[in-house]
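Working notes, beginning with the structure itself.
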Amino acid sequence: MRKEMRAAVYLGPEQIELQSLPIPEPKEGELLVKVRAATTCGTDVKTYRRGHPKFPPPFVFGHEFGGDVVKVGKGVTQFYEGMRVTANVFAECGECYYCQRGQGNLCENLVYNFGAFAECMIIPASIVRKTTFEIPAHIPYAHAALLEPLVTVVHGWHKVAVQPGETVAILGAGGPISLIFIQLLLRSGAGQVIAIGHSPARLSVAKELGATHLVNAKEQDALTTVRELTHGFGADLVIECAGTKSTWETSVEAVRRGGRVLWFGGLPSGTKVAVDAARVHYGEIDLLNMHGGTAAEAREAFDLIVSGSVNVAPLLSGEVSLDQVEQALKRMMAGEVVKMVVNPDL
């Protein structure tokens with residue numbers, strides 16, 4: 001077996017270098033996986049732009065993948081060499097304060113799973129135990145790689161508890177998260193889904209997946225349009241997927257009294273958001289937040305992919321090689337693509 005592999009290494013803001021690194025050895029409970037497909041995501045874009053709060057550079061990034069087990073660590077019995085697998089980006093310990101309260105996504109002992117933009121990667125032992133899944137033969141590696149974003153959407157979907165007939169407005173629509181949300185919202189019986197974004201190309205995918213109204217925020221005022229479409233009341237639910245201060249604030253203005261806002265897109269630590277306290281308080285507006293998902297939701301998300309209940313194919317805009325990761329992220333930033341598949345074999 002080869003002793004070295006190619007990997008896209010993050011060196012700092014807007015600095016990626018293709019390097020040759022030693023192929024790691026799986027420790028007890030771990031798996032070594034040959035990556036067959038890795039997909040780019042919004043977290044990769046944020047990391048590329050400003051770094052990652054939990055991982056100082058240099059490190060191999062990327063965390064959405066599908067691949068083949070090539071080596072099994074001591075003690076692993078449920079997986080074997082040659083098995084097609086994917087895994088969530090983290091798994092809870094099951095024992096800490098939060099895990100005991102059913103909030104495994106807030107676990108104090110989360111171990112993260114980075115390193116997908118490489119020919120090989122290690123799956124940590126806790127993730128092998130709780131959130132690693134065998135990919136059925138009929139599911140492409142790239143489709144299985146979308147497990148992680150789907151986990152987060154499933155978690156958010158449960159929190160917002162969409163009711164039949166409700167009108168939902170999505171700010172930052174057209175990105176991968178919003179496109180999955182659209183499908184689950186409609187699955188729950190949402191009456192209208194208003195997709196608000198900046199990229200015509202991405203908005204067209206939102207329409208393909210069932211969005212009932214498209215709003216190009218470069219050409220129309222999002223807040224005015226939402227109110228016009230809801231007879232002046234505002235949406236029953238607003239989901240913020242853009243991850244900007246302005247969209248967090250707009251989401252509170254776009255929701256009706258008695259409605260719900262889900263702030264899905266994360267903001268940098270220290271960011272202050274201004275909302276009208278009287279509107280929130282006297283209007284009984286629920287402000288919801290979320291992070292990640294539980295191991296149970298990872299299983300639910302995986303089953304949605306395997307069953308075809310969520311169509312992930314429209315989210316994949318093309319394929320690139322390892323040395324083109326930076327170009328793929330820049331295309332995402334420009335709104336030209338939704339997600340790109342990184343194929344280490346190219």
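Can residue 94 be described as within 26 Å of residue 312 (Cβ to Cβ), surrounded by fewer than 17 Cβ atoms within 10 Å (Cβ to Cβ) and touching a residue at least 12 places away in the same chain (Cβ under 8 Å)?
No: the conditions fail for residue 94.
Within the stretch 40-91, how many residues turn out to be farther than 20 Å from residue 343 by Cβ, free of Cβ contacts under 8 Å to residues at least 60 places away in the same chain and assigned to a strand (DSSP E or B)?
The qualifying residues number 5.
Pick out the one residue from 42, 67 that is closer than 21 Å to residue 269 by Cα and either of a type in the set (Val, Ile, Thr) or buried (at least 17 other Cβ atoms within 10 Å of the Cβ) (or both).
Working: 67 fails: closer than 21 Å to residue 269 by Cα.
Residue meeting the stated conditions: 42.
Are there any helices (runs of 4 or more DSSP H) wholly within the stretch 169-268 with 3 or more residues that are of a type in the set (D, E, K, R) and under 25 Å from residue 337 (Cβ atoms), and if so which? Let's see the steps before the verdict.
Numbers: elements: 176-187, 200-208, 222-229, 245-254.
The helices (runs of 4 or more DSSP H) meeting that bar are 200-208.
Residues are listed down the side, and each one gets a yes or a no for (1) closer than 19 Å to residue 206 by Cα; (2) in contact (Cβ under 8 Å) with a residue 12 or more places away in the chain; (3) among the hydrophobic types (A, V, I, L, M, F, W, C):
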| residue | (1), (2), (3) |
| --- | --- |
| 248 | no, yes, yes |
| 264 | yes, yes, yes |
| 291 | no, yes, no |
| 310 | yes, yes, yes |
| 338 | yes, yes, yes |
| 346 | no, yes, yes |
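Can you name the residue in the stretch 110-130 that is touching a Gly at 6+ places or on another chain (Cβ under 9 Å) and over 19 Å from residue 344 (Cα atoms) and is also surrounded by the fewest Cβ atoms within 10 Å (Cβ to Cβ) among such residues?
129
Within the stretch 131-151, can you find the residues that are surrounded by 24 or more Cβ atoms within 10 Å (Cβ to Cβ) and either outside any loop (DSSP other than H, G, I, E, B) or among the charged types (D, E, K, R) (or both)?
Across the stretch 131-151, the qualifying residues are 132, 142, 143, 144, 147, 148, 149, 150, 151.
Listed residues 306, 280, 312, 273; which is in contact with a helix residue (DSSP H, G or I) (Cβ under 8 Å, 6 or more places away or on another chain) and either buried (at least 21 other Cβ atoms within 10 Å of the Cβ) or under 25 Å from residue 132 (Cα atoms) (or both)?
Values: 306 fails: in contact with a helix residue (DSSP H, G or I) (Cβ under 8 Å, 6 or more places away or on another chain); 280 fails: either buried (at least 21 other Cβ atoms within 10 Å of the Cβ) or under 25 Å from residue 132 (Cα atoms) (or both); 273 fails: either buried (at least 21 other Cβ atoms within 10 Å of the Cβ) or under 25 Å from residue 132 (Cα atoms) (or both).
Going through 306, 280, 312, 273 in turn, the sole match is 312.
So that you can scan it fast, the table gives a plain yes or no per residue for (1) at pLDDT 95 or above; (2) under 26 Å from residue 50 (Cβ atoms):
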{"residue": "236", "(1), (2)": "yes, no"}
{"residue": "242", "(1), (2)": "no, yes"}
{"residue": "252", "(1), (2)": "yes, yes"}
{"residue": "257", "(1), (2)": "yes, no"}
{"residue": "264", "(1), (2)": "yes, yes"}
{"residue": "275", "(1), (2)": "yes, yes"}
{"residue": "284", "(1), (2)": "yes, no"}
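Being under 20 Å from residue 23 (Cα atoms) and in contact with a Lys or Arg (Cβ under 6 Å, 6 or more places away or on another chain) is the filter; apply it to the stretch 70-91 and report the residue that is surrounded by the most Cβ atoms within 10 Å (Cβ to Cβ).
Per the stated criteria, the residue is 73.
The values are calculated or read from the model by the stated rules, or taken from the named source; none is laboratory data. This is a predicted model, so every value here is computed, not measured. FYI the Cβ positions are ideal-geometry reconstructions off the backbone, even for glycines, and counts take in every protein chain you see.
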